[in-house]
Ligand SMILES: CC(C)(COP(=O)(O)OP(=O)(O)OC[C@H]1O[C@@H](n2cnc3c(N)ncnc32)[C@H](O)[C@@H]1OP(=O)(O)O)[C@@H](O)C(=O)NCCC(=O)NCCS
């Protein structure tokens, strides 16, 4: 039963984050993320980074998507997907938002079935669809704005230090 821990992402992790993103055929630029954001890594017992996620305040200056706290990207290495790591990272991000706001948002590409399913499994519901929210224009032409109320259970969760055990890989 391998154990993982969630901890704050460090600058020395950035190369691994970029590599992970690349392995999924995606691109990210952690050097541009603010230091006051929620930036989390999932690492194995050996210290290997296998997932990351972020949350941050965002004002998209958009007629539909409000200024507020948004879950940013979340990526899990292919061989570690389906173990609940993204859900754990989402719980940890909700715990970070909890003392800051009563509502949390996220935007998802309408073609990303796994991500949509993840948001729904975490209690998010759809607010709106658009070709763009603020400066974010969606590949494929449509994105979804999700939101969820923060409740007491969210703030009760640890942000960075809990460990999770999963089935054998
Ligand atoms: C989306 C992603 C982060 C999910 O990570 P994960 O750790 O595998 O997700 P979890 O194991 O926590 O699963 C959580 C829920 O998401 C949904 N889900 C996850 N993978 C799925 C898939 N391939 N197809 C459909 N639903 C999926 C399920 O509802 C699941 O809940 P369930 O197991 O109770 O049914 C992962 O697939 C990924 O890294 N994708 C590429 C990057 C990406 O698209 N990120 C999101 C936009 S930034």
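The values are calculated or read from the model by the stated rules, or taken from the named source; none is laboratory data. This is a predicted model, so every value here is computed, not measured. Every residue, glycine as well, gets a Cβ built from its backbone with ideal geometry; the counts of neighbours run over all protein chains shown.
Structural remarks
- In the stretch 67-82, residue modelled with the lowest pLDDT [restricted to those that are within 6 Å of the ligand (Cβ to nearest atom) and touching a strand residue (DSSP E or B) at 6+ places or on another chain (Cβ under 8 Å)]: 73
- Of the criteria (1) surrounded by fewer than 18 Cβ atoms within 10 Å (Cβ to Cβ); (2) more than 9 Å from the ligand (Cβ to nearest atom); (3) in contact (Cβ under 8 Å) with a residue 12 or more places away in the chain, which one residue 58 fails: (1)
- For the condition surrounded by 13 or more Cβ atoms within 10 Å (Cβ to Cβ) and either within 13 Å of the chain's Cα centre (by Cα) or over 26 Å from residue 25 (Cβ atoms) (or both), residue 118 qualifies.
- Residues satisfying the stated conditions in the stretch 123-148, i.e. surrounded by fewer than 12 Cβ atoms within 10 Å (Cβ to Cβ) and within 18 Å of the chain's Cα centre (by Cα): 125
Residues are listed down the side, and each one gets a yes or a no for (1) within 12 Å of the ligand (Cβ to nearest atom); (2) out of contact with any helix residue (DSSP H, G or I) (no Cβ under 6 Å at 6 or more places or on another chain); (3) more than 26 Å from residue 3 (Cβ to Cβ); (4) modelled with pLDDT of 95 or more:
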| residue | (1), (2), (3), (4) |
| --- | --- |
| 50 | yes, no, no, yes |
| 84 | yes, yes, no, no |
| 120 | yes, yes, yes, yes |
| 127 | no, yes, yes, yes |
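- Taken as a whole, the stretch 99-115 holds at least one residue that is in contact with a strand residue (DSSP E or B) (Cβ under 6 Å, 6 or more places away or on another chain), under 23 Å from residue 138 (Cα atoms), more than 10 Å from the ligand (Cβ to nearest atom) and in contact (Cβ under 8 Å) with a residue 40 or more places away in the chain.
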